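Right, one structure below, let's go through it.
Nothing in this text is a laboratory measurement; each read-out follows from the coordinates by a stated rule. Every value quoted in this text rests on a predicted model; they were computed, and no experiment measured them. FYI the Cβ positions are ideal-geometry reconstructions off the backbone, even for glycines, and counts take in every protein chain you see.
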Amino acid sequence: MIESLISVIIPCRNGTNYLAEVVASVKKQNMNVEIIIVDDGSTDGTAKTARSLGCKTVSIPHSGLSAARNEGIKNASGDFIMFLDHDDIMNEGALDLLYQELKNEPEAMLVEAMLEDFISPELDNESKSRLVSRPESYYGLLTGAVLFRREVFEHIGGFDEKLETGQGVDFMLRIKAKEIKTKRLDFVSCRRRLHNTNMGRTLQKEENRDYSTLLREKLRKIRS
């Protein structure tokens, strides 16, 4: 029996340095997947690299993470959807575990596993010393850890393109507001790479602003 198609959407801007590694980690899952690379206005040959790796490749003008994810959804053919950052690595067998749990829990619309940090090994010692990885695995990030049924996006739409950061938090808050059933799984599905150009580091000011906006909106709804 052939498993349902899973669309793995990888937004990418100037990511040729890590792209082959993340694609290889998806192919090692040995699942029925289509890998969609959304090239968000890269200037370093990301689209060419993605095509050479055998991925479905979509190029858009530089528009940000939310727009890239939304474009990936538009081009996805799968009944199940996962988002993965171009610099992270899926653990072997993780996608099958997520898929089996979601398939066997018909009332659940998504399943959520954990992530663990690792410092990118090619960095020099000074760069490594400036990075702090979490000592334990954790929930709370969408990329590489959550598998969705396609119907989720029909219920609540896509990602907010007005937000430069915090898009995943906003998306998961909308899922909770709609009381969409989520199942948490006690295993690590993905290793999250820390390096000098992580979005969380380069957009720190925007991240603080966007999270503050999301928090104020959540408190407003609780009080109303």
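Two numbers describe the Cα atoms of segment 144-196: Rg and Dmax, which are 13.0, 37 Å.
For Leu123 and Asn196, the difference between the fully extended length at 0.36 nm per residue and the C-alpha to C-alpha distance is 25.4 nm. The alpha carbons of segment 77-206 occupy a box of 48, 35, 27 Å along the principal axes, longest dimension given first. Remark on Phe83: its backbone amide H falls under 5 Å from those of Ile9, Gly144, Val146, a criterion applied only to residues 5 or more positions apart or on other chains, H modelled at 1.01 Å from N. Pair-distance distribution of segment 97-151: all C-alpha pairs, bin width 10 Å, starting at 0; shares per bin in whole percent are 21, 35, 23, 15, 5.
Find the percent of Cα-Cα distances in segment 112-184 that exceed 16 Å, and round it to a whole number. Of the Cα pairs, 61 percent sit more than 16 Å apart.
For GluC sites (Glu not before Pro), no site in segment 1-57 is both called loop by DSSP and has at most 11 other Cβ atoms within 10 Å.
Relative contact order, whole percent, for the chain stands at 22, derived from Cα pairs under 8 Å and 6 or more residues apart. Computed from label points 7 Å out along Cα-Cβ, the spacing between Val132 and Asp186 is 2.9 nm.
Residues within the reach of a label modelled at Ala20 (point 7 angstrom out along Cα to beta-carbon, backbone nitrogen below 12 Å), restricted to segment 29-55, are 49-50, 52-53. Projected onto its three principal axes, the C-alpha set of segment 49-103 covers 36, 22, 18 Å, listed from the longest axis down. In whole percents, the pair-distance distribution calculated for the chain from its alpha-carbon pairs, binned every 10 Å from zero, is 8, 33, 39, 18, 3, 0. Checking the Cα-Cα distances for Lys74/Lys181; Lys28/Lys162; Lys27/Lys162; Lys103/Lys176 against a 27 Å cut-off, the pairs over it are Lys28/Lys162; Lys27/Lys162.
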